[in-house]
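Heads up: the structure comes next, in structure tokens.
Readers should treat all values here as calculations from the given coordinates under stated rules, not as data from a laboratory. The model shown is predicted, which means the values in this text are computed figures rather than measured ones. Cβ coordinates were reconstructed from backbone atoms using ideal geometry, including for glycine residues, and neighbour counts include every protein chain displayed.
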Amino acid sequence: MASTSKCCVQRVCSRSLALGLRYWLATLILASLIFVSPRLVSAQEGYCPASISVKQAIEKAPEGWTAGQDKTPHNLSGITFYDGPPEQEASLVYNSWTKRNGLAYGVWHFTANSSPGTWLSCHYSSTSVVLSKRLPASTSECTVTYNPKVSVDGLPEVQKIACH
């Protein structure tokens, strides 16, 4: 009887351990899908923030008027690549533009390790604030995915920026 009881306890323990391992494995897989899947992560992450908050000030309100702040987020409305800092105004045009499956793709080619560097500027709706940063020196190409069915400030929505 003791050996039968011991055997059943071992089977129950083995099943519990297997169920526990399956639970943790499923949790790990689900977490990796949520945190790593490009469809679930912000399309612009690492390049342009999807939206920004700004504080703008009016120089002088017209007589009889008061100024306030709109709390609507300022969503990414477009991007510009530059050969050198944006202040030099050497903006670059895409090398190719294609449409497929309802999306549009702009591809830019750059000279890696160029001395002025390649810069990216992120433009936002309803504000003149622009965020800019230099891309890594080794960057030789960027592909921007747009959704022409969604408009932000009259431009197609930027869904993804991928550079290498």
If you place +1 on the Cβ of every Lys and Arg, -1 on the Cβ of every Asp and Glu, and leave all else neutral, what size is the dipole of the stretch 69-164 about its Cα centre, to the nearest 20 Debye? 360 debye
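Treat the count of other C-beta atoms within 10 Å as a stand-in for reagent exposure and order V129, V158 from fewest to most.
Ranking V129, V158 by Cβ neighbours within 10 Å, fewest first, gives V129, V158.
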Plugging the Cβ-Cβ distance of D83 and E63 into 1/(1 + (r/R0)^6) at R0 = 30 Å yields, to the nearest 0.05, a FRET efficiency of 0.05
Under 5 Å from the placed amide H of S140, counting only residues 5+ away or on other chains, we find H164
Going 7 Å from the Cα of S140 along its beta-carbon direction, which residues of the stretch 106-121 have the amide nitrogen within less than 11 Å of the resulting point? 110-113
Based on the mean of other beta carbon atoms within 10 Å per residue, what is the order of 72-80, 131-139, 54-62, most packed first? 72-80, 131-139, 54-62
Residue exposure sequence - E87, E157 - by fewest surrounding Cβ within 10 Å: E87, E157
